[in-house]
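S.K.: The structure's right below; bear with me while I get my questions together.
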Amino acid sequence: MRIKSAPVVILSAALVTALPATSVTAQTAYVGDEISISFRTGAGSQYAIERFLSTGAPLEVLDPPEDAEERFGEAALEDWIYVRDNRGDEGWVQERFLMAEAPARVRIGRVEEERDAALERIAELEDELTGQAEEKDALSEELAEAEARIEELEADLEAASDGYELVEANEQLQERVERLLERNEQLEEQNSALAERSRQEWFLAGAGVLVGGLILGLILPHLRPRRRDSWGGGL
């Protein structure tokens, strides 16, 4: 099987793919520019048209059935080739309307699709880069805040260290004051006890003096000498 060379139809090496059991090699051909061709049940214009194939439709070129020459004649097989379309249907098309490469319109469409996909990917990458830049700025700002906070904490720690020494000294002074206050309370209790004891002693001494005076007052009158009775003639 071959595809003819012509000013409009060009044939080159086609893609080689796995074939059905009835063929040895397969080629991919495309319907030529700005035409639609008939997809027929047999190798000839007298056979029924299954449908029309538009420009750029890919077709897998197959080896004709074993009885094709007997059924259609050798001349028909020079003009018609056996193909399989993208639906999986098999039929016959005229060889002169096929191209070995996709038509320019199809290639341009594919290039445009690839270009649009590339532009879309570029836009996605730019968005990602922008997002990464924003994230980087945010992380840098967060890092700067963290460093500033560390400096504040170090200053607080230094002040706290100085303050701790003052607190410790103050606690020692407070402890000393508490001991002095406790000692003062003990001394006050002792003074109170001594004062109470002194009052008791003075009370006892005063009571002793009073009792002694009373006793003397009772005894002294009896100790005075009796006067002579002038009328009694003497003692």
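The values are calculated or read from the model by the stated rules, or taken from the named source; none is laboratory data. The model shown is predicted, which means the values in this text are computed figures rather than measured ones. Methodologically, a virtual Cβ is constructed for each residue, glycine included, from the backbone with ideal geometry; neighbour enumeration extends over all protein chains shown. The accessibility values were calculated without ligands, DNA or RNA, using every heavy atom of the protein model including side chains. Shrake-Rupley method; radii C 1.70, N 1.55, O 1.52, S 1.80 Å.
S.K.: Each residue of segment 148-159 in order: what ³J(HN,Hα) in whole Hz does its phi give by Karplus 6.51 cos²θ - 1.76 cosθ + 1.60, θ = phi - 60°, with x for Gly and Pro?
M.R.: 5, 5, 4, 4, 4, 5, 5, 5, 4, 5, 5, 5
S.K.: Using modelled backbone amide H atoms (1.01 Å from N, in-plane), which distant-in-sequence or interchain residues come within less than 5 Å of E50's amide H?
M.R.: Here the answer is F39, R40, T41, since their amide H atoms fall under 5 Å of that of E50.
S.K.: Sequence-distant or interchain residues sharing an amide H contact under 5 Å with T28, placed H: which?
M.R.: Here L15, V61 satisfy the definition.
S.K.: Counting only residues 5 or more places away or on other chains, whose amide H sits under 5 Å from the amide H of T55 once H atoms are built in the peptide plane?
M.R.: Close amide H contacts, sequence-distant or interchain: I35.
S.K.: If each of A117 and R179 carries a label point 7 Å out from its Cα toward its Cβ, how far apart are those two points in nm?
M.R.: Spacing of the two 7 Å Cα→Cβ label points: 9.0 nm.
S.K.: Roughly how many Å² is the accessible area per residue of segment 26-67, as a whole number, for a 1.4 Å probe?
M.R.: 46
S.K.: With every protein chain left in place, what is the accessible area of L153 in Å² (1.4 Å probe, nearest 10)?
M.R.: Solvent-accessible area, nearest 10 Å²: 80 Å².
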